[in-house]
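These notes concern the structure reproduced below.
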Amino acid sequence: MLGNLVGPRGCLIGFAILAASCAHNVPQDASTGNDGKEKGARPLTLENGEGKASGIVTYPGGDRVDWKLIELPDKQRGTLDLKLSWTPPRPGLQLAFDVFDEWNQPVVQSAKTSKKRSKGRVRTATVEAAKGKYFVRVYAVGRGDAGKYRLTAEFKEGKSGLPFDPLKLEIPDPPKLAAVPDVEVPCDPFAFDPKNPLCKSVCPDAGAPPGWPACKDKCPNPPDANIPACQATMPCPNPPRREVRSCKTVFPKCPDPKNPDPANPNCDNVKIPPVIARIIGNKVSGSDVIITIGAGTNSGVQDKWRATVLRGDSDQPLTGGEVSGLHVDKNVSSGKVHLSTDQLATNSRVRLSAP
């Protein structure tokens, strides 16, 4: 039991155990002795109304609790002052104590001292109208807390009656110290555990369940051509898949832009080359001129194509040369333009373009 280590040698051994145990997450009572429970409480003997005890408690070392028994002089009652001071292996570690009477009824809990020089390493408590036996539980507060402590007791006899009738008390078991919550285990992408809540937003390189939300926009290993994130980066599979970008060089150039192959990605958004033809006739119709163009379906022209009169022998469109109401026959096409016959005489070429 660490609580028995006293003196310079005991201190060194105790704190060596503390330092070693901090690297492990062990149960709070893994290494406790008999005095880790109330029935094994060690007596703190009073001489001339004063007594002291010392020991070590360490949560990471598996010895979180020490119990002490204080028996007051027979047929005397008065004030019992308790003081706990401790030396931690590193600054900031906290100890505390609470007091129960011989019927397991909680009496008082320790409080931090207001003295600045204590630096948070002193706690005190006072039992008024004290009489009979008291159990003191000394414990490390949090999961990483530990320290070598000194508990002192001072009893001053006084005149006071019992504040309650012990025969009328319901006697419960002493309350258990609440266990400190387990430390959250970080998500390890290389040993992926989908049951770990911290892995919910992590997409590992391998081991993610199908449809894992965090992997929605990430390509797994091995890649899957059915996942959009893989289609942009993965090598072309065998047989080639049109969705995979790298397969574009495997497929042939679109053989017929006029009749694109839907299985060939090189036919996606392919532009059908325009058809250049001449105006072979015109007729005035009100403020418009109906022109006849020497190209139709035999030349590849289709309905819903666009037609524009070109300027002279250039590829530049003539202002006002847009053809409306284009009608396509087998060998010719026709439509209206807002141009004069004189303009058409010097600008007789038309470009027909697919939409």
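The values are calculated or read from the model by the stated rules, or taken from the named source; none is laboratory data. The structure presented is a predicted model; accordingly, all values stated were derived computationally and were not measured. We place every Cβ from the backbone using ideal geometry, glycine too, and count neighbours over all the protein chains shown.
For the list (1) in a loop (DSSP other than H, G, I, E, B); (2) surrounded by 12 or more Cβ atoms within 10 Å (Cβ to Cβ); (3) within 60 Å of the chain's Cα centre (by Cα), I need the number of the one condition that ALA307 fails.
Condition (1) is where ALA307 drops out.
How about segment 264-277: which of its residues are closer than 24 Å to SER314 by Cβ and surrounded by 13 or more Cβ atoms within 10 Å (Cβ to Cβ)?
Narrowing segment 264-277 to residues closer than 24 Å to SER314 by Cβ: 271-277.
Across segment 264-277, the qualifying residues are ILE272, PRO274, VAL275, ILE276, ALA277.
Residues being outside any loop (DSSP other than H, G, I, E, B) and either in contact (Cβ under 8 Å) with a residue 24 or more places away in the chain or not aliphatic (A, V, I, L, M) (or both): count how many of those fall in segment 209-241. Steps first, answer last, please.
Narrowing segment 209-241 to residues outside any loop (DSSP other than H, G, I, E, B): 213-215, 228-231.
Remaining after also requiring either in contact (Cβ under 8 Å) with a residue 24 or more places away in the chain or not aliphatic (A, V, I, L, M) (or both): 213, 215, 228, 230-231.
The number of residues fulfilling the criteria is 5.
Cβ contacts < 6 Å: first residue outside the structural domain of PHE135 (by TED's automatic domain parsing), restricted to segment 163-190; second residue loosely packed, with under 10 Cβ neighbours inside 10 Å and assigned to a helix (DSSP H, G or I), any location; separation 6+ or different chain. Result?
So the pair list comes out empty.
Test LYS195 against the criterion of being exposed (fewer than 10 other Cβ atoms within 10 Å of the Cβ) and at pLDDT 85 or above, and give yes or no. Please lay out each step first, then the result.
Values: exposed (fewer than 10 other Cβ atoms within 10 Å of the Cβ): yes; at pLDDT 85 or above: yes.
Yes: the conditions hold for LYS195.
Checking LEU69 against (1) in contact with a Phe, Trp or Tyr (Cβ under 8 Å, 6 or more places away or on another chain); (2) closer than 26 Å to GLY144 by Cα; (3) at pLDDT 95 or above, which test does it fail?
(2)
Consider segment 200-243. How many of its residues are at pLDDT 80 or above and touching an Asp or Glu at 6+ places or on another chain (Cβ under 6 Å)?
Of the residues in segment 200-243, 3 are at pLDDT 80 or above and touching an Asp or Glu at 6+ places or on another chain (Cβ under 6 Å).
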